[in-house]
Each structure stands twice: as C-alpha cells, then as structure tokens.
1. Just give me the residues in the stretch 366-400 being at pLDDT below 80 and either open to solvent by less than 40 Å² (accessible area, probe 1.4 Å) or in contact with a His (Cβ under 9 Å, 6 or more places away or on another chain) (or both), in sequence order.
2. For a quick check of your reading of the model, give me the residue pairs whose first member lies in the stretch 143-162 and is under 17 Å from SER338 (Cβ atoms), whose second is surrounded by fewer than 24 Cβ atoms within 10 Å (Cβ to Cβ) and of a type in the set (Phe, Trp, Tyr), with beta-carbon atoms closer than 8 Å and at least 6 apart or on different chains.
3. Got a sec? Which of LEU213, LEU207 is under 25 Å from the mean Cα position of the chain (by Cα), buried (at least 23 other Cβ atoms within 10 Å of the Cβ), in a loop (DSSP other than H, G, I, E, B) and touching a residue at least 40 places away in the same chain (Cβ under 8 Å)?
4. Among the residues of the stretch 409-421, is any modelled with pLDDT under 65 and not in a helix (DSSP H, G or I)?
5. Quick one: how many residues across the stretch 172-231 are within 21 Å of GLY248 (Cα to Cα) and of a type outside the set (Phe, Trp, Tyr)?
6. Which ones in the stretch 92-131 are among the hydroxyl-bearing types (Ser, Thr, Tyr) and more than 22 Å from THR279 (Cα to Cα)?
7. Hey, which of the helices (runs of 4 or more DSSP H) in the stretch 1-106, taking only ones fully inside, have at least 1 residues that are modelled with pLDDT under 80 and under 17 Å from the mean Cα position of the chain (by Cα)?
8. Of these, VAL112, VAL116, VAL199, which one is free of Cβ contacts under 8 Å to residues at least 24 places away in the same chain and assigned to a helix (DSSP H, G or I)?
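The values are calculated or read from the model by the stated rules, or taken from the named source; none is laboratory data. Bear in mind that the values here come from a model prediction, so they are computed numbers and not experimental data. All Cβ positions, glycine included, derive from the backbone under ideal geometry; neighbour counts span all protein chains shown. The protein model used for the area step is the full one, side chains on, heavy atoms only, and it has no ligands, DNA or RNA in it. Shrake-Rupley method; radii C 1.70, N 1.55, O 1.52, S 1.80 Å.
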Amino acid sequence: MSGSGRQGKGTAPTAALGLPAASALVIGSIIGTGVFALPSALAPYGPVSLVAFVVVSLGALALALTFGALSKRVPASGGPYVYAREAFGEFAGFLNAWSYWITAWAGNAAIVVAWVGYVEVFVNTGHHKWVSVLLALVGLWIPAAINLTGVRNTGAFQVVTTVLKFVPLLFMATVGLLFVDSRNFGPFNASGQSALGAVSAAGAIALFSYLGLEAASVVAGRVREPGRNVPRATVYGTLVCAGIYILGTLAVFGTVAHSKLGGSTAPFTDAANNIFGGTWAGDVVAVAAIISGVGALNGWTMLCAEMPYAAARDGLFPRAFARLRGRSDVPAFGIVASTVLASLITVFSYTRFDDVFTKIVLLSVLTAVIPYLFSAAAQLYWLLVRGGQRSGPRRLARDVTVSALALAFSYWSIQGSGYQTVYYGLFVLLLGVPVYVWLKRGQAAGDPVADARAADVPAQRERAPETPPQAGRVSRGLRTGRIGGLRRRGDLRHRD
C-alpha cells in the first residue's frame, strides 16, 4: 500500500460493492455477536423482552424503509450525516456525523466484548480479566487490518462471514423451536417494574441488535447503482435479520433455564448443548459466533471510517479523516483512529464495569438513535414540504406514516435507555460542539468560501466528491443557505 495520502478533490472512492456485497454488509453489520449475547442481557426482564423484540423489529423495519427512501433522494456516502446536512444544515449534519462515529467505535467495543465470551468457550475458560482484554484487542485489530487492504477485500470477507454466521442462527430459529420447554421461560415479567417499563427497557437493549441497518446508506458512494441497490439491501437485510432474531431468541429462552440464562456468557452455545447433549453442538455455535463477530467488526470498522470521511470532505470533520491512501483509496486515518478509541473504551470497561456488554450497548444505542431520529425527521420534512408534488395522496400518506413511526420509535428508544445513559450520551454528544467551533474557525480564517459568505456574497461550499451533482428543482422553503445568504436553486437534488 502506498504511503502517500490522497485527497483528490475531483475523484470519488471506488464503487466496488454490488447488491450481494451491500446486502451482506447490512446483514453482517446487523448480525454480529450482539445477537449471540443478547438473550443473556434480556434474561433479567423475562419473556416480556420478546414483546420488546417484536416492537423493536417493527420500528427497525420503519427505519429501514425510511433509509431506503432517503438513499434515493441523496445517493451519496454519509447516510444519516448527509440527510441531516441537506435537510437542516451543517450543524445538524455535524452532530449526526459525530454521534454516529461514536456509535460505530463504541459499538465495536460492545461487539468485541460479546465476541470474547464465545472465544473463551475454547481458551481462557477461567475468564481471567487481562487475558480477556488481550483477546478483545486482537478481535478489534484483525478487522482493522482487513479494512486497510481495501474495500474489495472488505466486501468479499463480509460475504463469506455472513454466510457462515447464518447457519447456526437459522438452525436455532427453525429446528431449535422444536425443543422449547415452557418451564424454562420463568416469570413473564421478571424485572419488577411495570410491563410497559420492562418493554421499554428491554427494547433499548434489543435495538442494539439492529444497529447497522443503515450500513448500505453510509457507504452509498462505494455501492454500484446506489439509488437502486441501497434501498433493496437495507430493507431485505433488515427483514431477514428480524425473522432470525425473534425466532432464535425465542428458542434460546425456551431451551435454557431462566435461572441460568442471565449468567451465561454464551447463551446460544448453552442452548445447542441442551438440545443435543454434550458440548460438540455448542462448540459449533461458538465457532459460528466467533466468525460472526469478526464479520460484524469488519463491517463496522468500515462504517467507522466512511461516515467521518464524508463529513471531512465537506469540511465538517477534521481533515485527516478525508485522506485516502493506497491504490484502493482507503480512509486509513479513520480506520486506525476509531480502532484505537474502541480499544481504549474496551480496556476501560473491563476494568470498571461488571456488566460490560450492557453498559456499552446502551451508550451505543443512544448515540445511534440520534442520527436515526434526524434521518426520520429529514424524510418527514421533505415529504411535507414537497411530497405532494410528485406523489398522490395515498402514497404521501403511506410515506408520512412510515416516517412518523420511525421518528416515534427513535424517541421511544431514547426514553428506554435510562436516565444515566441519556446523561452520559448527551455529554459525549455535546463534546462535539467545541470541535465544530474549531472546524468553523479554521474555515473562516483561511477558506475563501467562508470569507465570501462573511462578506454576504453567495457562494457554494465544496461538496464531497461522491455527493450527487446539483441539479433539479428545490422548493422555495429550501432555498435559504445553511449558514447564511441564499442557496442556489440547484443546491439540493431530490428523488422520489
């Protein structure tokens, strides 16, 4: 790999992902080791958490449909970042990029913690803390090394790991249901709180399993025919995962006693062992979970770099994130920086928290839901401002309903995260404000575009190279500029 950095203002990153690879990226990013550890995290709530899973699955589908529609409007890399930027301006776009970036690397820490639980089926069976930390660091840096070799290798690796991880999950979601024993379920609501409160709290944890449904939209600039392939990959991938998740979790709840499930570090392994007896079946599931975890980390490491890359090309993230290296145009700085941060939070969590997985999961969910909320709001904004111009009343009503459900679901997920998580999440989010001030100060000092704006001269900010060319009509409500002055009519292209 070449060591020279390239920012090539006129070039776009290689569009190397077709529909199969994009779908594998969505499924592979959604299905990590989180689902393999989730039954244990949900066990304290009892079977009522299955109700939460159904609610979360419906909300995730609404979000998937929303992202599919948004990717047709703006088929550019960046996903939630670019949607918020186009609808609500630069500051909203920056906050979404900042929040999602935190989600990506903090989520990797949660994934690797669950991954270690399955690795320790074979090694470090005594769960010695510092050996666990070392295993976690290895799990984080292997996918980073794969990503540094280029997007083609990342996509190919994602397809292989997606196929391998699907077999045991599909088995548990089908054959495993035949071995369900109702005596294993325990009390329907074991949380000690109201049923509604239990569903909300369990739903916030369950939502972690669906993080990544927006993966194809985040890397749209790397996908061939993004207006066609990104919506399909997003919706199909979410539907497949929803079916596997609900049925697989039901099977685990019904084959592992409730009294043991909460303390299990590898619940799917325990379920397979209970079905067949002995340990061989559980070992097979553990191997699949290990492969699944590496695949999910591979996909999320790519997202860790792609979101800040898109924002940095627009001047809304530190410039280092926009540099591409090597023949494969790899955003190496984003990959390395995010993996370093994930490593630090993993070490910190192992030394400070007992329930490491749940703590990191809740923080990741909160920082992910904020971009989801802004994306749903952006879709609603575009529909209500100009939706009736190209679609009939029935289609408009349908699209508005789906977007409103996605918005309401996002608010519900924030509420279920708990006061402490919201406090820490808001604090981490607001840490981005000084970064934004610093970025804008630097632009104002030396950017001719910023200087032109300061002089009230209409000027157009340079866009990310994979952002679609500016064309088409924009409604009068969208003509005002993001920071000041007037925006040109062709500044934003919509697609219905």
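1. Listed by number, the residues that qualify are ARG386, GLY387, ARG390, SER391, GLY392.
2. ILE146/PHE157
3. The unique qualifying residue is LEU213.
4. No, the stretch 409-421 has no match at all.
5. Summing the residues that are within 21 Å of GLY248 (Cα to Cα) and of a type outside the set (Phe, Trp, Tyr) in the stretch 172-231 gives 30.
6. SER99, TYR100, THR103 - these are the residues of the stretch 92-131 that are among the hydroxyl-bearing types (Ser, Thr, Tyr) and more than 22 Å from THR279 (Cα to Cα).
7. 19-30, 34-42
8. Every option except VAL116 fails the conditions.
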